[in-house]
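Comments concern the structure below.
The values are calculated or read from the model by the stated rules, or taken from the named source; none is laboratory data. These figures come from a predicted structure and were not determined experimentally. Neighbour counts run over all protein chains shown; Cβ positions are idealised from the backbone, glycine included. The accessibility values were calculated without ligands, DNA or RNA, using every heavy atom of the protein model including side chains. Shrake-Rupley method; radii C 1.70, N 1.55, O 1.52, S 1.80 Å.
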Amino acid sequence: MVSLPALFNPHFSDNFMYLIKPVNSKRAFAIDPVDHKRIAHETIGLGTSLESILCTHHHADHDGGNIPLKRLYPQLDVFGIDERIHGLTNQLKELPIQDLKVCGLDVKVLHTPCHTTGHR
């Protein structure tokens, strides 16, 4: 897993985005990829294909890279709970815990109410 601080803009300096590449896989997924250029650069550098985005909520400092990444990778699945998430293709159910399979990994989505009604 590559943790990428979103430090390209002072307004985003308190957020993180993640690029996760399973071992022995050519696939990767991103979490809250606000800096689409950085995610694309890291994906290419790792020799992987970006398969999915998991987006915690609809604010631009979390979903701002979704649409540009979908232009680069049209096959991208974008998962999230809130229909306001840009580029959303797979709306998750409102459950306390939800299981997903992403890039061959088992992922648990936990309900963690925070500063938006659709935060996961």
Okay, helices (runs of 4 or more DSSP H) sitting entirely in region 31-120 with 3 or more residues that are under 17 Å from residue 20 (Cβ atoms), I get 36-45
Of all residues in region 26-45, which are closer than 24 Å to residue 108 by Cβ and either in contact with a Lys or Arg (Cβ under 8 Å, 6 or more places away or on another chain) or open to solvent by less than 20 Å² (accessible area, probe 1.4 Å) (or both)?
27, 28, 29, 30, 32, 33, 34, 39, 43
Filtering region 82-107 down to residues that are open to solvent by 100 Å² or more (accessible area, probe 1.4 Å) and out of contact with any Leu (no Cβ under 8 Å at 6 or more places or on another chain), which residue is farthest from residue 57 (Cα to Cα)?
101
